[in-house]
Amino acid sequence: MSEKIMVTKSSMPPLNEYIKEIEDIWESHWLTNSGIKHKKLERLLSEYLGVSNTVLFTNGHLALENIIAAYKLKGEVITTPFTFVSTTNAIVRNGLKPVFCDVDPKTYTIDVEKIEELITPNTSAIIPVHVYGTICNVDRIQEIAEKHNLKVIYDAAHAFGVQYNNKSIANYGDASIFSFHATKVFNTIEGGAVVVKDSNLVKSLNLLKNFGITGPETCEEIGGNAKMNEFQAAMGLCNLRHVDEEIEKRKKIVERYRDRLTNVDGIKIKQSQINVKENYAYFPVLFNGFSKTRDEIFEILRENDIFARKYFYPLTCDYECYKQYSKDISVPVARNLASKVLTLPLFADLPLVDVDRICDIIIKSK
């Protein structure tokens, strides 16, 4: 009986390396509240990403909620329904209305040709999503934002390590948020970060994630608790040393998938983007005209102890809690993708023999 193959498995440093990294925590007893490791990780991440301002959070969702709050946005925000529900939740939890834009059929990211028709006097921002490590059309989005005086906050949860024109994707837009969840290319167990161009917002972000407290007897903002602790930061410091190596391992796996599945009738594989250095975060497969549906392939793999993921399904606009925002919207491309895309298992230590087994099962199911 073969071992179960999960859709992902967390990258972890050698145990001794992590133990060594956390030893001094026992000496200091400084477990949270912007400790030494927290500050060091912020600095090293800024260097890695080539940015000036990185603010750490306990997870990527709260990173997005708090950067929206820091900008004090009002009214409507244009976004995509082809994303994890966190994106839409962060918008609505800030009292904003999500306006759903369809996606591009090639990149699965927000369709830049459909953004402007959704802009109204109430629109304050665009929150596009880099999907599976595939980046949005950042140049065109910037043109639209400048023309209409809108903020651009990228949900870059999938895009850590991605570069466009030899620059980290974190350099585009007014801000980007990253998720450092255990399943991501780079993880801090749980965690996230905001990269923001406006240095004046760093203080506000730090206040918002620490109850708005400015001193022992003062509170200037209505904040919450979204601080990254020292154990998370320690894991991040370890994993950051290995992240480029992890991405290279993922690349070999993706290349094998592409070799095996690219020319199979009824299967569409997303192509690499021009001038983009990938991070190989996910491997989405579109079943369109294949002898079996996406859902049938999902079940066949599951029966063989291989656990793929219908990612993203359903669309966020189709969740019961968002029906009020999805009346009269037209997102046919996103809806088609949601019914046909399956992300196959992908993690740095996935053996190529298992990749071949997954591909064999799919191909032989025809």
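Some points to look at:
- Pairs exceeding 25 Å between alpha-carbon atoms, taken from Lys227/Lys327; Lys251/Lys310; Lys74/Lys197; Lys37/Lys203; Lys151/Lys340: Lys227/Lys327; Lys151/Lys340.
- The 3J(HN,Hα) values that the Karplus relation (6.51, -1.76, 1.60; θ = phi - 60°) gives for the stretch 156-168 are, in residue order, 9, 3, 9, 10, 4, x, 6, 10, 10, 6, 6, 10, 4 Hz. Gly and Pro appear as x.
- The stretch 203-290: trypsin sites (Lys or Arg not before Pro) in DSSP loop, at most 12 other beta carbons within 10 Å: none
- Separation of alpha-carbon centers, the stretch 115-158 and the stretch 266-313, rounded to whole Å: 26 Å
- Accessible area per residue for the chain, computed on protein heavy atoms with a 1.4 Å probe, is 46 Å².
- Peptides 85-97, 111-123, 30-42 ranked from most to least packed by the mean count of surrounding Cβ atoms within 10 Å: 85-97, 30-42, 111-123.
- Accessible surface of the stretch 236-312 [probe 1.4 Å, protein heavy atoms]: carbon and sulfur percent: 43 percent
- Mean residue ellipticity at 222 nm, helices only, the chain: -11500 deg cm²/dmol; runs of at least 4 DSSP H residues each add -39,500 (n - 2.57), and the sum is divided by the number of residues.
- Among the GluC sites (Glu not before Pro) found in the stretch 281-366, not one is both in a DSSP coil and sparsely packed, with 15 or fewer other Cβ atoms within 10 Å of its Cβ.
- Proximal aspartates and glutamates to Lys72, defined as alpha-carbon separation beneath 13 angstrom and excluding residues fewer than eight positions away on the same chain: Glu221
- Chain lengthening between Lys4 and Asn275 when straightened (0.36 nm per residue, less Cα-Cα): 93.9 nm
- Formal net charge of residues neighbouring Glu299 (Cβ-Cβ distance under 14 Å; K, R +1; D, E -1): +1
The values are calculated or read from the model by the stated rules, or taken from the named source; none is laboratory data. A quick note: this is a predicted structure, and the numbers were derived from the prediction, not measured. Neighbour counts run over all protein chains shown; Cβ positions are idealised from the backbone, glycine included. Accessible surface is based on the protein model in full, side chains and every heavy atom, while ligands, DNA and RNA are left aside. Shrake-Rupley method; radii C 1.70, N 1.55, O 1.52, S 1.80 Å.
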